[in-house]
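Please read the structure below before turning to the comments.
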Amino acid sequence: MKILSSYSIKGGVGKTALAVNLAFAFSDKGYRALLIDLDPQGAAAFYFRVDSAEKFKMTDKRSLIEGLRRNIRESDFPGLDIIPSNLAYRHFDILLHGMKKRRTQLRNILDGLKSDYDVIVLDCPPNITLLSENIFRATDAIVVPVIPTVLSQRTFEQLLEFFEEKEISPDILRPFFSMAQSRNKMHRAIMNSLSSAYPNFLHSVIPFSAEVEKMGIQRMPLLAYAGNSSAGKAYQALCEEILDQWEFLK
Amino acid sequence: MDSSDTLTAHLSLPPEFALKSLSHEWGRHFVLHPPVIEHVTLWDTFEWQVWFSGSVFYNTTDHFHLCKQEAGWMASEIASEEGVEGTPRFARDFQNPALREILTPVLGLRGLAPLCSAVFRRRNAELRNDNGKIVCRFEWTELFGDAEARKPLARYARIQPLTGYHNEALAAFNTLQSHGVAVSQEGPLHVLLRHYEKHPRVYSLRPCFGLEEHLPARTAVGRIVRAILEIARENESHIPGDIDTEFVHDYRICIRKIRSVLSLVKGVYPPAETEHIRKLLAQIARNTNRLRDLDVYLLAEGHYMELLPPDFREALSGVFEEFKEERAREIRRVRACLKSRKYREQMEQLERFFSEDTVHEPTIHSDLPVGPLVFRSIYKRYRKIQAYAEELALCAPDETVHELRIEGKKLRYLIEFFTELIPQSRIDGTEKRLRRLQSLLGEFNDCSVQQKFLLDYWSAKPHHTAHRALALGGLVSVLYRRQQKQRPQIQAALSEFTSNTTVAVFKQMFKPQSSKRSADLPRNTDQ
């Protein structure tokens, strides 16, 4: 089983759209996929028409695994399950703080689900907390949407600094350009400079598209209803690129 | 059955049930998809080997599928093949190695044939909640006997619960139950086979005759013959179809067995009539002699090829082509023969002779209890084999080995026919030794017959190419060497079968003066 995270410090960059479509693409290829919505906003589950998770006790590792298991919901798409978000995930940090090996505890918890899935995709909350650090240490690859703007560039660099500070290998990072506008000169310049500075950048670029925003109306992954649109094809290419690296992921 | 098993069980729909009623009940939340229609033909062998291996083999328009069979349903697929040309019969007729590998041991020498056809009409449906999320799926299946049928033979439903939506599935189940839907007692395959009056049954050349020790010998022999004759006639009816070579083979075994039982249990019918019937049986068997010989050769074609160096194989393949052509003519001849008035009259004569209603003159053994009579015969046969053990030298002529084989066969048939009268625990080890001896003698005889067959072929056709002559000569040599190698093995098996312990078993169980065979006889440690 492999664990992939869709992560960004900054919100509104296409993180959830990536997680949703990536999980769908995996299941579409025949992998048993589980999407865990760790973002208390619960957008990922909303896209799949799944209600918020039932409340459950989060007192220790065992209760957490049991609670997560109980909240697994089969999506409308074969081979794709979801654990919806719960506002109580706000307390994840507090729980992890109280545990032994608190920085790597999430991987242990997720390993409890490994017999049922080939891949787990995490839609992560947009912040840097102990949970984020756990995610970084639990994950085989972290896919990071980066809007080609100065601010996004800055946040990406902050993330790299965090990795350096916590002595986590940046090799697991797979950034890509999201909401890119090819006609925008600044976007083009930032894309050029960032991708030459960081060779891990994925080649696929997700363009800014109204089609992606319609996911909120359609309430399903873009790949499920508009796989042939330009944005759909871009997501398809991005997922293919990640799937191509499947064997190379840690 | 716990609730989750019930939830996913196949359900039967009552005749009055209509899907429309669910649309009324669930409104827009119930989404019904268009039907998918599949034309299916089921296949199996005469012995139902696919069915008894727990599988089902069928074809759709363009695919052959081998699936597990669960409670009369086609379950998970084991292997499949797309676009098979012609009518496949044997494992070798399929391209997919996985399918071939699985079918080979299941089918043996038997051929597949279509059993019956059906039409499956399937509709998927789903139940959605207020968010539009699917919370329960359904599959509706209607089974029709053929494409023109309007009324289904059976209708089924199956709930497919979604993880995390157990309560919704349970509610759907309760709704269906309120419409008279219940857990199904039989699957569509059961319904279909019953509709076409195809009943999977275990086939055996060794049926139970219902014998008892004190039964009059004629009654016992009559029962044995009638049961075997019935199997012979069943096989005979399939010979013209020529699905596989086993019909002729088993038919011949049956005819041979009937002939044997008449000579092994002597004096049960008037001598002249017995002789007449034995001659009749020999005539009947002769009809298929050549066909069986050719079958034996053609079945072993691959094996023969492997016996020769690759350079000679092509020359030999020409020989097999000729055998194939001859076989095609021979099966036509056998078909015509089985249809002929002469053959029909011969078979009627046989059936009449052994009918329970036919009265024959009493004979010296006809009313004797069959047990002691047969045990005496068994012991006599065994003593004959013992005599061979003392005489059989490594250099004994083939004919002597052949005679020993015939004696062994007589003993084996006697034990087989009257197995119901013999305590199995006592005879098991002995039977095993006899089988081993017979199998070696059989191989020895096959080698001998095959050499003769090839030499006859050689002399019947004077103009062989040098290559073919070499190939035939090579094959005869290989067969001769193999035959000679079997001699010491036969000697060893024979001395084992006539060892002191085996002798003791035969004496205790079958020797006339100790025919009481009471339970207090000492047990043999080597059984």
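Values in this text are rule-based calculations from the coordinates and carry no lab data. Small disclaimer: the values here were computed from a predicted structure and weren't measured. Every residue, glycine as well, gets a Cβ built from its backbone with ideal geometry; the counts of neighbours run over all protein chains shown.
Work out the charge dipole of chain B with +1 on the Cβ of Lys and Arg and -1 on the Cβ of Asp and Glu about the Cα centre, then indicate which of B:Asn235, B:Ser340, B:Ala272 is farthest towards its positive end. In chain B, that residue is B:Ala272.
As a ratio to 2.2 N^0.38 Å, the alpha-carbon radius of gyration for the protein assembly as shown is 1.40. The Cα atoms of the range B:304-369 cover 65, 33, 14 Å along the three principal axes, with the biggest extent listed first.
Other residues within the sphere of radius under 15 Å centred on the Cβ of A:Asn228, judged by their own Cβ, net out at -1 (K and R +1, D and E -1).
Compute the whole-percent fraction of alpha carbon pairs in the range A:28-88 spaced more than 17 Å apart.
37
Computed over chain A, the P(r) tail beyond 30 angstrom holds 21 percent of alpha carbon pairs.
Taking 1.306 mPa s as the viscosity and 10 °C as the temperature, the Stokes-Einstein diffusion coefficient of the range B:317-428 based on its alpha-carbon Kirkwood radius rounds to 84 µm²/s.
Taking the C-alpha atoms only, the angle from helix B:271-286 to the longest principal axis of chain B is near 60 degrees. Each Cα pair under 8 Å and six or more residues apart adds its sequence gap; the mean of these over the residue count of the range B:193-311 is a relative contact order of 22 percent.
The Rg/Rh ratio for the range B:207-319 is 1.15, where Rg is the radius of gyration of the alpha carbons and Rh is the Kirkwood radius.
Restricting the calculation to Cα atoms, the range B:148-221 yields a radius of gyration followed by a Dmax of 24.1, 72 Å.
Once Lys and Arg get +1 and Asp and Glu get -1 on their Cβ, which of B:Phe144, B:Pro14, B:Gln386 lies farthest toward the positive end of the dipole of chain B? The residue sitting most towards the positive pole is B:Gln386. Taken over the range B:230-292, the alpha-carbon convex hull comes to 78 cubic angstrom per residue. Other residues lying with their Cβ under 11 Å from the Cβ of B:Gln95 contribute a combined charge of -2, Lys and Arg counting +1, Asp and Glu -1.
Averaging 1/r across all pairs of distinct Cα atoms in the range B:93-164 and inverting the result yields a Kirkwood radius of 16.2 Å. Among the GluC sites (Glu not before Pro) in the range B:44-128, those located in a DSSP loop and surrounded by at most 14 other Cβ atoms within 10 Å of their own Cβ are B:Glu85. For the range B:75-210, the orientation-averaged shadow of the C-alpha convex hull comes to 14.1 nm² (one quarter of the hull surface).
A Cβ-based charge dipole, computed about the Cα centre of the range B:393-455 with Lys and Arg at +1 and Asp and Glu at -1, lands at about 160 debye. Note on the protein assembly as shown: with charges restricted to the Cβ of Lys and Arg (+1) and Asp and Glu (-1), its dipole about the Cα centre is near 1480 debye. In terms of other Cβ atoms within 10 Å, B:Thr61, B:Thr400 run from fewest to most in the order B:Thr61, B:Thr400.
Within the P(r) computed for the range B:430-512, what percentage of the Cα pairs occupies the region above 18 Å? Tail of P(r) above 18 Å: 57 percent of Cα pairs.
Counting only DSSP H runs of at least 4 residues, each contributing -39500 (n - 2.57), and dividing by the residue count of chain B, the helix-based mean residue ellipticity at 222 nm comes to -18500 deg cm²/dmol. In plain terms, the C-alpha convex hull of the range B:133-191 casts an average shadow of 5.3 nm² when viewed from every direction. Do any GluC sites (Glu not before Pro) in the range B:186-250 lie in a loop, going by DSSP, with at most 11 other beta-carbon atoms within 10 Å of their beta carbon, and if so which? Listed in order of number, the matching sites are B:Glu197.
Hydrodynamic estimate: the Kirkwood radius of the range A:154-231 over Cα pairs, inserted into Stokes-Einstein at 4 °C and 1.567 mPa s, corresponds to D of 89 µm²/s.
Any idea what angle helix B:289-299 forms with the longest principal axis of chain B, computed on alpha-carbon atoms, 0 to 90 degrees, nearest 10? Tilt of helix B:289-299: around 60 degrees. Assuming charge only on the beta carbon of Lys and Arg (+1) and of Asp and Glu (-1), the dipole of the range B:247-397 about its Cα centre is about 440 debye to the nearest 20. Short to long, the 5 Å bins of the Cα pair-distance histogram for the range A:110-250 hold 2, 8, 17, 20, 20, 18, 11, 4, 1, 0 percent of all pairs. Based on Cα contacts under 8 Å between residues 6+ apart, the range B:64-199 shows a relative contact order of 18 percent. Based on the Kirkwood approach, the hydrodynamic radius assigned to chain B is 28.1 Å, with every pair of different Cα atoms included. DSSP bridge analysis restricted to the protein assembly as shown gives an antiparallel fraction near 70%, rounded to the nearest 5. Could you tally the net charge around A:Arg154, taking each other residue with its Cβ under 12 Å from the Cβ of A:Arg154, Lys/Arg +1 and Asp/Glu -1? Net local charge, A:Arg154 excluded: -1.
Overall dimensions of the range A:197-240, expressed as equivalent-ellipsoid semi-axes from the Cα gyration tensor (√(5λ), whole Å, largest first), are 22, 10, 8.
Ranked from largest, the principal axis spans of the Cα set of the range B:360-476 equal 63, 38, 25 Å. Normalising the average separation of contacting C-alpha pairs (under 8 angstrom, six or more residues apart) by the number of residues puts the relative contact order of chain B at 13 percent.
The Rg/Rh ratio of the range B:23-135, with Rg taken over Cα atoms and Rh as the Kirkwood radius over Cα pairs, comes to 1.15. Using every pair of alpha-carbon atoms in the range B:398-451, split the distances into 10 Å bins beginning at 0 and state the percent of pairs per bin, rounded to integers. Calculated over all Cα pairs of the range B:398-451, the distribution is 23, 48, 22, 7, 0 percent.
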